[in-house]
Amino acid sequence: MKKIQFFDTTLRDGEQTPGVNFNTKEKVQIAKQLEKWGIDTIEAGFPIASVGDFEAVKAIAENVETMTVAGLARCQKADIDRAYEALQHAKHPQIHVFLATSPVHMEYKLKMTPEEVIASIKEHVSYAKTKFEKVQFSPEDATRTEKNFLLKAVQTAIDAGATIINVPDTVGYSNPTEYGALFKFLIDNIQSEQEIIFSSHCHDDLGMATANALAAIENGARRVEGTVNGIGERAGNTALEEVALALYIRKDFYQSESSITLNETKRTSDLVSRLSGVAVPRNKAIIGANAYAHESGIHQDGVLKNPDTYEIITPSLVGVNENSLPLGKLSGRHAFAAKMETLGYQLNDEELKDAFKRFKSLADKKKQVTEDDLIALMVGQSQECNETYRLGCVQLQYVSDGSQGAIVSIDTGEETKTESAIGSGSIQAIYNSIDKILGQKPELKEYYIKAVTGGEDAQAEVHVTLADTENNRQFNGIGIDFDVLQASAKAYVKASEQFQKEVGKA
Ligand SMILES: [Zn+2]
């Protein structure tokens, strides 16, 4: 059995999904869950990109134990220095240096000649090696790079001290046959005294990201890069949960294994979905809501007689329906704390006290409090701790011409502002009031609502995406509440907070 390392870039490439902006606390929370899931290396961010990115990489480096923490850097000394600074306290630091090698990137983006690109790789990988033991190099847009030049770039990086070579299919252009052959070509032709780990990094533009990653593994890659739920630029990245399950279910074929704790998969997916505001499609492999639903009578009959007839993955294998012990009104603090710990939350006394209070008020309204409810509760708590705008009261009035009126107040940190507005429906009236308070005019790009759990007493989870049409930017927000209108208002305020930070007042 070959051991395949899992490299998660949910917080770096995944955060490049339109609308996704994790704050530091959310990033640390995701990082801890990824560690529990069994990820070997996390790409925590791009430290030189912003102060926020730097702080998040630093916080993750200080808060995880076993995972290697990587920071991204261009071939520039300042990038490498900044990554070094952010990763100083990591138990297992790693740097990820990249430079594009395809003709179109070199000529139009970098405006560098091939010789200059090779010289830059040599200079900057050598420099990175003086600061980091583990140096990873990526020739960006590798799959559209001339093969022999790619080999030259990779060999230059290895000679300069890189021990991990990542081969990105940056634009999702490759296919399994071609991508696998590229790994074989590079692995067969590089010269090295020490062991070099080859890694895949695929995008899903043609729907082949997972297939390409598996083809790389078949051809000698020992590491796979990707994200949870496959989030990322454009069509997204390789979904790591798909690769983990493919290796497990088809170990007869791949002869490979990973450190992924499969029954933590659903939890990891749920957490990333909630914090990113990006919903998992119902038919998504492994973790979609319909992935284990059997509709046709013949299939249902077969599964009842023997699940093996139509089910290659049992839901419990990936942690679906693991809500074995829901909590209720009478559950004590001890049971609550124990449950939170199994969910991966290490709460200090103060946080536990606050969370328990929230749990009690939830249990008053809901018969059974499931894991999903608890995770939703913690998402709400973490949002409130980080928010600049706090939603105050929301009042609705029927206006005689058939429209709705709303009065909303928001505590902006400096003052409490109240405004009223009308709309053709309740939600529009609330949103118009919020826009008036914040002096903004974003475009409401997306609004959808789902129930956190099944049942009539379920909490509502509302997702809102706001867009700034001028700059083509998007901002997601999520709100959870028993009341649909309250949840809608919370989600809008949350998305507005990001909108205000990045775009400012209209
Ligand atoms: Zn990428």
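Annotations for the structure displayed:
- Residues that are crowded, with 24+ Cβ neighbours inside 10 Å and within 17 Å of Tyr179 (Cβ to Cβ) were ranked within the stretch 218-229; the one that is nearest to the ligand (Cβ to nearest atom) is Glu225.
- Filtering the stretch 149-159 for residues that are more than 25 Å from the chain's Cα centre (by Cα) and either within 21 Å of Ala209 (Cβ to Cβ) or within 16 Å of the ligand (Cβ to nearest atom) (or both) leaves a non-empty set.
- Selection status of Gly45, touching a helix residue (DSSP H, G or I) at 6+ places or on another chain (Cβ under 7 Å) and at negative phi: no
- Some residue of the stretch 252-263 being within 16 Å of the ligand (Cβ to nearest atom), in contact with a helix residue (DSSP H, G or I) (Cβ under 6 Å, 6 or more places away or on another chain) and part of a loop (DSSP other than H, G, I, E, B): no
- Positions within the stretch 183-206 being within 16 Å of the ligand (Cβ to nearest atom) and surrounded by fewer than 21 Cβ atoms within 10 Å (Cβ to Cβ), in sequence order: Asp205, Leu206
- Selection within the stretch 89-105: residues that are among the hydrophobic types (A, V, I, L, M, F, W, C) and out of contact with any strand residue (DSSP E or B) (no Cβ under 6 Å at 6 or more places or on another chain). The member of this set that is surrounded by the most Cβ atoms within 10 Å (Cβ to Cβ) is Leu99.
- Of the helices (runs of 4 or more DSSP H) contained entirely in the stretch 135-241, those carrying at least 2 residues that are within 16 Å of Gln5 (Cα to Cα) fall at 209-218.
- Of the numbered criteria (1) in a helix (DSSP H, G or I); (2) among the acidic types (Asp, Glu); (3) at pLDDT below 90, the one Glu295 fails is (1).
- Pair list, Cβ < 6 Å and 6+ apart or interchain, from the stretch 13-33 residues that are within 16 Å of the ligand (Cβ to nearest atom) to residues that are acidic (Asp, Glu): Gln16/Glu233
- Among the residues of the stretch 436-456, those identified as farther than 14 Å from Ala491 by Cβ, modelled with pLDDT of 90 or more and not small (Gly, Ala, Ser) are Lys436, Ile437, Leu438, Gln440, Lys441, Glu443.
- Qualifying positions in the stretch 212-259 - β-branched (Val, Ile, Thr) and either in contact with a His (Cβ under 9 Å, 6 or more places away or on another chain) or within 15 Å of Leu317 (Cα to Cα) (or both): Val224, Thr238, Val243, Ile249
- Test result for Phe54, in contact with a helix residue (DSSP H, G or I) (Cβ under 7 Å, 6 or more places away or on another chain) and more than 20 Å from Asp141 (Cα to Cα): yes
The values are calculated or read from the model by the stated rules, or taken from the named source; none is laboratory data. Treat the numbers as computed from the prediction; the structure is a model and nothing was measured. Using ideal geometry, Cβ is built from the backbone for each residue, glycine included, and neighbour counts are taken over all protein chains shown.
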